[in-house]
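Okay, structure first, notes after.
The values are calculated or read from the model by the stated rules, or taken from the named source; none is laboratory data. Treat the numbers as computed from the prediction; the structure is a model and nothing was measured. So basically every Cβ, Gly included, is an ideal-geometry build from the backbone, and we count neighbours across all protein chains shown. These area figures cover heavy atoms from the full protein model, side chains too; ligands, DNA and RNA do not enter into them. Shrake-Rupley method; radii C 1.70, N 1.55, O 1.52, S 1.80 Å.
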Amino acid sequence: MDKFLIKGGAPLRGKIEISGAKNSALPCLAATLLSAETVILHNVPYVKDLITQRRLLEDLGATALTPELRTHKITAKNIETFEAPYELVKTMRASVLALGPLLARFGQAKVSLPGGCAIGTRPIDLHLKAFEQLGATVSLEAGDVVARAPKGRLVGANVSFEKVTVTGTENVMMAASLASGKTTIHNAACEPEIEDLADLLNKMGARIKGAGTSVIEIEGVEALGGAEHTIIPDRIETGTFIVAAAITEGELEIKNCAPAHLTAVIEKLREAGVEIEELNPTTLLVKCCPNGLTAKDVTTEPHPLFPTDMQAQYMALMTQAAGVSTITETIFENRFMHASELIRLGAKIDISGNTARVSGKTQLMGAPVQASDLRASASLVLAGLAASGETLIDRVYHIDRGYENIVKKLGNVGAKIERLTESLALAAEDVK
Ligand code: EPZ
């Protein structure tokens with residue numbers, strides 16, 4: 001398994017470009033299953049999860065071409081099977097996003113029930129309940145979710161989610177696009193990725209209103225056509241690099257981003273003392289922090305409030321802030337795995353239930369640490385950049401799922417970070 005070796009202490013300075021949003025590209029790729037015509041997606045990030053999602057489409061029978069590295073041309077004309085197998089779903093739970101499109105277009109779908117992951121059990125019961133409200137029969141057969149539309153076509157309905165679910169909202173929006181009649185989703189997720197998916201679906205001929213708010217209305221249509229669409233910038237990658245500038249007391253110009261998609265993050269970081277200036281609608285200038293950082297409490301909530309996907313990165317930053325900050329995680333039940341690794345680097349963090357109390361400022365000292373999930377990995381990279389000495393991060397395959405070229409992007413702005421492949425990593429350990 002690859003590792004990252006980071007020599008901390010260098011302030012980051014320069015320009016960094018944001019890639020397309022992983023969590024928009026994943027549902028958008030799944031949406032191509034809704035049409036027999038070609039859909040072209042631009043600005044798809046070159047990350048592991050998208051390679052996996054693309055392979056799923058090809059396994060189902062779609063043709064996937066990549067005229068350029070970040071452009072995918074998908075034609076789901078000859079879909080031969082309606083099954084997403086376990087060995088694929090277990091590596092990436094976003095494969096469940098194939099359920100809605102397959103069920104809507106072909107009246108059937110079989111997707112392995114995704115297991116939990118490091119951050120929580122992550123059930124999909126709300127997705128399945130919504131499909132039943134749209135007229136589907138759903139059963140569990142040997143670990144697979146088997147969904148069928150008995151009349152061959154789903155029927156529009158009023159769907160009200162008891163909990164906000166991002167991919168649940170996306171699955172239902174896609175399924176309802178081809179249902180007969182109108183569907184209204186209440187308590188829908190409001191993330192920018194939902195709006196981006198709705199933009200693509202409407203370009204394909206869907207009739208969706210209200211995406212980005214908690215009530216989304218979908219008028220089902222008979223069929224969807226082809227389209228061309230550019231994926232929005234990744235707001236979590238943006239937030240991660242803002243923290244990178246702050247935690248290394250550097251200065252970064254962050255390009256190709258969408259500040260409007262992470263206002264809660266920007267507000268909170270400004271409160272803590274990070275200087276963030278919007279140079280233009282797609283560029284941020286981040287400086288830190290002549291008067292140092294101040295500890296500020298945060299609670300994760302559904303969009304537009306502070307995103308759970310920035311919680312681990314924020315915790316790393318708070319180790320460098322003066323005072324005690326309380327970080328409350330309300331979305332996932334086990335999303336503090338990075339805390340114990342940060343403590344190995346010298347952080348002072350007390351966990352009690354879904355609350356972490358971080359006492360700063362502490363001088364972090366490099367050490368070997370282990371990544372447990374995508375955003376925890378980012379948190380360890382950020383801490384390693386701030387720590388004195390060397391930090392060796394194991395299991396960096398987690399970070400490769402959602403951050404495009406992070407070693408190159410950080411290296412280009414002065415970070416001393418290198419990827420050690422398996423053999424090299426063993427050698428480094430021998431040296432330690
Ligand atoms: C999406 O996951 C994102 N992934 C996650 O990003 C993100 O953390 C999460 O939304 C919350 O914002 C993608 O978009 C591919 P949820 P999702 O359904 O849709 C519970 C990253 O780091 N729930 O909004 O799976 C669930 O257990 C990843 O990029 C049910 O109980 O999250 C959780 O506690 C990590 N039943 C809460 O709701 C359901 O049927 C929110 O989950 C569905 C969800």
What are the residues in region 126-150 that are in contact (Cβ under 8 Å) with a residue 40 or more places away in the chain and open to solvent by 50 Å² or more (accessible area, probe 1.4 Å), if any? 148
Among the helices (runs of 4 or more DSSP H) contained in region 336-421, which hold 1 or more residues that are of a type in the set (S, T, N, Q)? 337-344, 374-386
Regarding region 109-123, can at least one residue be identified that is touching a helix residue (DSSP H, G or I) at 6+ places or on another chain (Cβ under 7 Å), buried (at least 24 other Cβ atoms within 10 Å of the Cβ) and of a type in the set (Gly, Ala, Ser)? yes
Name the residues in region 37-51 that are in contact with a Lys or Arg (Cβ under 7 Å, 6 or more places away or on another chain), open to solvent by 40 Å² or more (accessible area, probe 1.4 Å) and assigned to a loop (DSSP other than H, G, I, E, B), would you? 43, 46
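Going through region 110-127 one residue at a time, which ones are more than 7 Å from the ligand (Cβ to nearest atom) and within 22 Å of the chain's Cα centre (by Cα)? Reasoning before the result, please.
Of all residues in region 110-127, those more than 7 Å from the ligand (Cβ to nearest atom) come to 110-118.
111, 112, 113, 114, 115, 116, 117, 118 - these are the residues of region 110-127 that are more than 7 Å from the ligand (Cβ to nearest atom) and within 22 Å of the chain's Cα centre (by Cα).
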So, in region 67-98, exactly how many residues are under 15 Å from residue 35 (Cβ atoms) and assigned to a strand (DSSP E or B)? 4
So residue 358, is it under 20 Å from residue 323 (Cβ atoms) and touching a residue at least 60 places away in the same chain (Cβ under 8 Å): yes
Taking region 227-257, which residues are within 25 Å of residue 389 (Cα to Cα), open to solvent by 10 Å² or more (accessible area, probe 1.4 Å) and part of a loop (DSSP other than H, G, I, E, B)? 248, 249
Scan region 132-183 for residues that are on the phi > 0 side of the Ramachandran plot and out of contact with any strand residue (DSSP E or B) (no Cβ under 8 Å at 6 or more places or on another chain) and jot them down. 142, 152
Kindly provide the set of residues from region 306-330 that are assigned to a loop (DSSP other than H, G, I, E, B) and either free of Cβ contacts under 8 Å to residues at least 12 places away in the same chain or under 16 Å from the mean Cα position of the chain (by Cα) (or both), ordered by number. 306, 307
